[in-house]
Amino acid sequence: MGYVDLKYKPTQDDLIALFRVEPAKGYSVKKVAEHIAAESSIGTWTEVKTMKKRIRKLGAKVFSIKGKWIKVAYPSELFERGNMPEILSSVAGNIFGMKVIEKLRLQDIQWPKSIIKSFRGPQFGIPGVRRILKVKKRPLVGTIVKPKLGLNEKEHAKVAYDAWLGGCDLVKDDENLSSQKFNRFEKRVVETLKMRDKAEKETGERKAYMPNITAETNEMIKRAKFVKKNGGEYVMVDILTVGWSALQTIREITEDLGLIIHAHRAGHAAFTRGYHGISMIVVADIARIIGVDQLHIGTVIGKMEGKKEEVLEIEEEIEHEFIKERARKLSEKWYGLKPVFAVCSGGLHPGLVPRLLKLMGTNIIIQAGGGIHGHPLGTIAGAKAMRQAVDASLKGIDLREYANSHKELKLAIEKWGVLK
Ligand code: CAP
Ligand code: MG
């Protein structure tokens, strides 16, 4: 059955996938495109006698082949509304394992309104988070409690308190901290929220704690309810290790509980790097559609890989209402989905702030773990130095000059330098 139809014009209601294809030896891109469209919609490796005329209409259509890049249109009735796992089992399932493919990368998806509207989308997004934290315009400053594992609940809470005292708006658990023997979830939440309240009173600023609820789904529901009961406003979830189905459940629960979702992407680089896998753009799409409020997207200049063009594309994908079509990028309409806060984190320190803001703009969350707790004078000074770096950048003052009258920043720059 022909799945390649270069004359096909996709309808508004089709889901469109953009793939980069490296065929196995002896196969053309066109031949492989045929296999991809078949296997990800209604076909298999051979014609079947059970096929019916009406079913053929459901077949995916390859409507564009340009070099290694193909576009495939899927009738949206192939997909169950509100069921992200099933959608991905189709467009991001068996096809990666087919022998006819050397490498395959799912680069982007254009989602039809009927599918987008079958999910909740972000409850708060950027405007809601800014309203709750009472920070209108400047970038939010956050930290991750370090060492990432090993502190007990009270030590954890004290590090958080110092970070808030020094000027952090947000403090999060690290991605691999859940409820270990040395730091139980419930006790940590109670102790850390107590410190949050203390820091709010002493600074007069809103402060927020993002406890990591990553666990088996029923356990995550319990932990989210515990956070709410104890006056928390956020949950943090490692969205890839918990899985899309669990994230959908957490989004349902947070709707009733009114909790902000901070999405960590630990594990993404197992399949978002290089030419075989799924791009971070697609991960960002899915996260926004299901409805996270904040998402780690990279820093370009920190310790994690992520080229400038890609990180900026991810920021555009999660913040804008319309995305224009361009090379290696499908257009997108988000039909009113709230913008998701871009979280820039990983290897950051005060000396990188000016360049980061120049690259990413100021409507972001800047997170520094080592870059705060590694400050020569400790956490409070580290948080102060981050805020001083943000203030200097927003005022357009050179960091080294600003450091002359801000000792915490001066010490940070002496230790880690400044990226012009
Ligand atoms: C950063 C971090 C974050 C990374 C994740 C870490 O700590 O807590 O998990 O930012 O990377 O554990 O590395 P540092 P990404 O500030 O000490 O580097 O945001 O790219 O997903
Ligand atoms: Mg971490």
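The values are calculated or read from the model by the stated rules, or taken from the named source; none is laboratory data. Everything quoted here is computed from the prediction, not taken from an experiment. Cβ: placed from backbone, ideal geometry, glycine included. Neighbour counts: every protein chain shown.
Details
- Of all residues in the range 59-74 being in a loop (DSSP other than H, G, I, E, B) and touching a strand residue (DSSP E or B) at 6+ places or on another chain (Cβ under 8 Å), the one that is farthest from residue 36 (Cα to Cα): 68
- Test: residue in the range 183-190 that is modelled with pLDDT of 95 or more, in contact with a His (Cβ under 9 Å, 6 or more places away or on another chain) and either surrounded by 15 or more Cβ atoms within 10 Å (Cβ to Cβ) or within 20 Å of residue 146 (Cβ to Cβ) (or both): yes
- Note on the range 303-318: residues that are crowded, with 20+ Cβ neighbours inside 10 Å and either within 30 Å of residue 373 (Cβ to Cβ) or within 16 Å of ligand 2 (Cβ to nearest atom) (or both) total 5.
- Elements of the type helices (runs of 4 or more DSSP H) sitting completely within the range 354-404 and holding at least 3 residues that are crowded, with 23+ Cβ neighbours inside 10 Å and on the phi < 0 side of the Ramachandran plot: these cover 379-395.
- Sole exception among (1) surrounded by fewer than 16 Cβ atoms within 10 Å (Cβ to Cβ); (2) within 16 Å of ligand 2 (Cβ to nearest atom); (3) not polar (S, T, N, Q) for residue 131, by number: (2)
- Of all residues making up the range 27-85, the number that are among the acidic types (Asp, Glu) and either within 30 Å of the chain's Cα centre (by Cα) or closer than 23 Å to residue 289 by Cβ (or both): 3
- If you go through the range 313-330 and keep only what is outside any loop (DSSP other than H, G, I, E, B) and either among the charged types (D, E, K, R) or closer than 26 Å to residue 173 by Cα (or both), you end up with 313, 314, 315, 316, 317, 318, 319, 326, 329.
- A single entry from 254, 241, 249 fulfils the requirement of being assigned to a helix (DSSP H, G or I) and within 16 Å of ligand 2 (Cβ to nearest atom): 241.
- Subset of the range 331-350 (residues that are part of a loop (DSSP other than H, G, I, E, B) and away from ligand 2 (no atom under 16 Å from the Cβ)): 331, 334, 335, 336, 337, 338, 339, 340
- Looking across 25, 49, 53, one residue alone is surrounded by fewer than 12 Cβ atoms within 10 Å (Cβ to Cβ) and either touching a residue at least 40 places away in the same chain (Cβ under 8 Å) or in contact with a Cys (Cβ under 8 Å, 6 or more places away or on another chain) (or both). It is 25.
- Counted residues, the range 357-378 - those being within 16 Å of ligand 2 (Cβ to nearest atom) and not small (Gly, Ala, Ser): 5
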